[in-house]
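In what follows, a single structure is set out as structure tokens and then discussed.
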Amino acid sequence: MSTDSSKIQPIRFFHRGKIVDVTGVHPTRSVLDWLREDARCTGTKEGCNEGDCGACTVVIGELATDPQAPGAVGGLNLQTVNACIQFLPTLHGKALFTVEDLKTQCQSKAHKPEQKAKDGKHAVHTLHPVQQAMVDCHGSQCGFCTPGFVMSLWAAYEHHQSEGTQPTRQQLADDLSGNLCRCTGYRPILDAGQRMFDLPSVRLDTQPVVAALTALQNGGHDLNYAAPLGARIDHFHAPRTLAQLAALREQKPRAQLLAGSTDVGLWVNKQFRDLGDIIYVGDVAEMKTIEDRPDNGAELYIGAGASLESAFAALVARVPSLSDVWLRFASPPIRHAGTMGGNVANGSPIGDSPPVLMSLDAQIELRRGDVVRRMPLPEFYLDYMKNQLQPGEFVQGLAIPQAAMRRQIRAYKISKRFDCDISALCAGFAIELEEGGDTVKAVRLAFGGMAATVRRAASAEAALLGKPWTQANVSNAKLALAQDFKPLSDMRASADYRLLVAQNLIQRLWLETRAEDALSLEETSVWSVMPHAAAHVTKAAEGV
């Protein structure tokens, strides 16, 4: 891919009813800053500036690969993201919707409720059903977070209107789990989420959006954007094919790889890092592949660019016991933007994907140029934030054996807050017993938050392998866990707490999988007491 200045292109995306061309902004300028300071669309707010509070929630639209697929809305895929940690060039070829767009929708419809003005005359106020419901139900208190809630509700509104369904209260709570109301106004906001479907319908006219994005797709090429940073020029490359990505990465081994920006965005906002040249993988469709493959004895293959939402949905469709960890992994805007490959490659000792993947015997697939190699995921991590990647190499995908998914699988996330919180401890477990017996044929006990890297508990596994699956041997495994880990104390949990909880989770695994009187998922999952939550998980999984 050329870096010739004559090939430099503007960032082009659909916003406020038209294609906009953006030049001159630095590649790490956030969508939020551009909206507020350049486009003067100040409805979107800045709260935490790190993707936690949801005040900056916007909706990104992309052309649907299959317009008839579940989840597609009039030929578009609509997903909520956090504008504060998304870099502006990632919008190239996409559509950006903000709270200002809801007024535009209403102005083009006959839905114009009248309200008497103070002077006695009638003034026309055009609120979208989402906004009108928030007013009717008193869903807004201080109002700062309201635009973010409205955009999350709008995305849910469009999806359910397209499907001809209405969400349960629990589904709305799941959709809003990435939005924080500091005034504790959740009850009326959830009321509004149900109320909005009772009002006259106002739908997004997707036809002009689809036409504009199709024109961009047909007339566009790989984005090569650049802007100065002082005397230096930083480039933002967005290849469209896997071969182009591999060649570019080999050519620029020191460039910063960017996927969902859910971690890298914080490097800029909070640590003020200078990233230099960026290679964006989000436009490489091949990197988003999720499919069952017959090779290597049959496997589920997840491309490194597949979103966390799509990847976990695929896993839950095959291993329903992973539902809890899926719904509690960050928030919908983070899962829509972030990728499972990025979460693995990041190497955080408290990442939630690696323990689950290790319990499933996942292999990581690495690529440099045309050379592809695989290794078991535990071998990928060398030390804190150090891994096996060579210069010019990148994570291409993850492969999970179908046989591993037929074991009894459990994943447990321990955090201070139930929704949208970082883990103090995350565990991925798998157990397989000899056919017709109680001897442990295979066992995987993987933990995050217990060491400098996510690791399997070798001593605890050895205390169980080849032995009867009994309370006595489980107790031995719990004692052996102290040989595997010497956890640290930090703001999330003390070392003693982490070790005790890890031991208790092994006990819970036994209680749920023992031969006699095993506890059912309904008896151990919080979702069993939340009406229709299980149906929500099933429906989401069917949309893979």
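Within segment 521-530, identify whether any single residue is outside any loop (DSSP other than H, G, I, E, B), at pLDDT 95 or above and either in contact with a Phe, Trp or Tyr (Cβ under 8 Å, 6 or more places away or on another chain) or not small (Gly, Ala, Ser) (or both), and answer yes or no. For segment 521-530, residues outside any loop (DSSP other than H, G, I, E, B), at pLDDT 95 or above and either in contact with a Phe, Trp or Tyr (Cβ under 8 Å, 6 or more places away or on another chain) or not small (Gly, Ala, Ser) (or both): absent.
All of (1) touching a strand residue (DSSP E or B) at 6+ places or on another chain (Cβ under 9 Å); (2) farther than 24 Å from Arg335 by Cα; (3) of a type in the set (A, V, I, L, M, F, W, C) hold for Ile400 with one exception: (2). Is it the case that segment 25-39 has a residue that's of a type in the set (Ser, Thr, Tyr) and closer than 25 Å to Asp205 by Cβ? No: zero hits.
Scan segment 139-163 for residues that are assigned to a loop (DSSP other than H, G, I, E, B), surrounded by fewer than 21 Cβ atoms within 10 Å (Cβ to Cβ) and either touching a Leu at 6+ places or on another chain (Cβ under 7 Å) or modelled with pLDDT of 95 or more (or both) and jot them down. None - no residue of segment 139-163 is assigned to a loop (DSSP other than H, G, I, E, B), surrounded by fewer than 21 Cβ atoms within 10 Å (Cβ to Cβ) and either touching a Leu at 6+ places or on another chain (Cβ under 7 Å) or modelled with pLDDT of 95 or more (or both), so the list stays empty.
Results for (1) part of a helix (DSSP H, G or I); (2) touching a residue at least 24 places away in the same chain (Cβ under 8 Å), shown as yes or no for each residue.
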{"site": "Gln166", "(1), (2)": "no, yes"}
{"site": "Ser177", "(1), (2)": "no, yes"}
{"site": "Arg182", "(1), (2)": "no, yes"}
{"site": "Arg203", "(1), (2)": "no, yes"}
{"site": "Ala211", "(1), (2)": "yes, no"}
{"site": "Asn218", "(1), (2)": "yes, no"}
{"site": "Ala247", "(1), (2)": "yes, yes"}
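Selection of segment 27-54 for residues being over 19 Å from Asn179 (Cα atoms), basic (Lys, Arg) and not in a helix (DSSP H, G or I) yields Arg29, Arg40.
Of the listed requirements (1) modelled with pLDDT under 95; (2) more than 30 Å from Ala285 (Cα to Cα); (3) out of contact with any Ser or Thr (no Cβ under 8 Å at 6 or more places or on another chain), Gly193 misses just one: (1).
Only one of the listed residues (Leu245, Leu204) is closer than 21 Å to His159 by Cα and surrounded by 15 or more Cβ atoms within 10 Å (Cβ to Cβ). That residue is Leu204. The set of residues in segment 217-243 that are of a type in the set (D, E, K, R) and in contact with a strand residue (DSSP E or B) (Cβ under 9 Å, 6 or more places away or on another chain) comprises Asp222, Asp234, Arg240.
Residues in segment 462-472 that are polar (S, T, N, Q) and exposed (fewer than 15 other Cβ atoms within 10 Å of the Cβ): 1 in all. Within segment 266-298, being closer than 30 Å to Val316 by Cα and touching a Leu at 6+ places or on another chain (Cβ under 9 Å) holds for Tyr280, Val281, Gly282, Asp283, Val284, Ala285, Glu286, Met287, Ile290, Glu291, Asp292, Arg293.
Would it be correct to say that Phe380 is of a type in the set (Phe, Trp, Tyr) and closer than 30 Å to Leu242 by Cβ? Against the criterion (of a type in the set (Phe, Trp, Tyr) and closer than 30 Å to Leu242 by Cβ), Phe380 qualifies. Would you check if Leu127 is buried (at least 19 other Cβ atoms within 10 Å of the Cβ), in the same structural domain as Phe97 (by TED's automatic domain parsing), part of a loop (DSSP other than H, G, I, E, B) and modelled with pLDDT of 95 or more? So Leu127 does not fit the description; no. Does Gly260 qualify as being at pLDDT below 95 and part of a loop (DSSP other than H, G, I, E, B)? So Gly260 does not fit the description; no. Of the listed requirements (1) of a type in the set (Gly, Ala, Ser); (2) over 20 Å from the mean Cα position of the chain (by Cα); (3) more than 15 Å from Ala399 (Cα to Cα), Ser359 misses just one: (3).
The set of residues from segment 404-421 being closer than 20 Å to Gly351 by Cα and surrounded by 19 or more Cβ atoms within 10 Å (Cβ to Cβ) comprises Ile409, Arg410, Ala411, Tyr412, Lys413, Ile414, Ser415, Cys420.
Here Pro349 passes the criteria (1) in contact with a Ser or Thr (Cβ under 6 Å, 6 or more places away or on another chain); (2) under 19 Å from Arg249 (Cβ atoms); (3) not hydrophobic (A, V, I, L, M, F, W, C) except the one numbered (2). So for segment 422-429 (the condition being free of Cβ contacts under 8 Å to residues at least 40 places away in the same chain and crowded, with 23+ Cβ neighbours inside 10 Å), does at least one residue qualify? Taking every residue of segment 422-429 in turn, none turns out to be free of Cβ contacts under 8 Å to residues at least 40 places away in the same chain and crowded, with 23+ Cβ neighbours inside 10 Å.
The values are calculated or read from the model by the stated rules, or taken from the named source; none is laboratory data. Small disclaimer: the values here were computed from a predicted structure and weren't measured. FYI the Cβ positions are ideal-geometry reconstructions off the backbone, even for glycines, and counts take in every protein chain you see.
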